[in-house]
Amino acid sequence: MSPEGHAASPSEQGALLHIGDAAARAELSVRTVRAYEEAGLVRPSARTNGGFRLYSEHDVDRLVEVRRMKGLALSLGELGELLGLLKRSEAPELLQQAEVTFVVDSLYRYRERADRGIERLEQALADARELHRRVVQQLATVER
């Protein structure tokens, strides 16, 4: 059924993906997509007459966005909050000043977390490069 509660027509179904295809496109497992749906982070655009989930390109883009955010070690609740903040910030002219302040302050907090995540990833990358260098060096020594 679509968000309005009706089953997708055959023409609508042609532009939509079943959960397995949407998960593959987003580089996620079907189980993860279901968990994201259960947490309210994404919802299928429609359902078949048989009740199977159908996802649009927009839904797949959102799944990819959530997958990328997971690298920041955010809980599902925090992911939902961040997605909401990003959505609200798309039209700041529609917000009251207090809401703008809240959104800005909250986004700064998430930016700081992203900065820390980048630092952790850069350190992990440096560690991996050092390990690679040592292994290559040892291989050269052993293969002589």
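The values are calculated or read from the model by the stated rules, or taken from the named source; none is laboratory data. Remember, predicted model here, so these are calculated numbers, not experimental data. We place every Cβ from the backbone using ideal geometry, glycine too, and count neighbours over all the protein chains shown.
Determine which single condition L94 fails, assuming it passes every other condition in (1) more than 20 Å from L16 (Cα to Cα); (2) under 18 Å from the mean Cα position of the chain (by Cα); (3) among the hydrophobic types (A, V, I, L, M, F, W, C).
(2)
For every residue, the table says whether it meets (1) surrounded by 10 or more Cβ atoms within 10 Å (Cβ to Cβ); (2) modelled with pLDDT of 95 or more; (3) touching a helix residue (DSSP H, G or I) at 6+ places or on another chain (Cβ under 9 Å).
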| residue | (1), (2), (3) |
| --- | --- |
| G77 | yes, no, no |
| P92 | yes, no, yes |
| L95 | yes, no, yes |
| L107 | yes, yes, yes |
| R113 | yes, no, yes |
| L121 | yes, no, no |
| E143 | no, no, no |
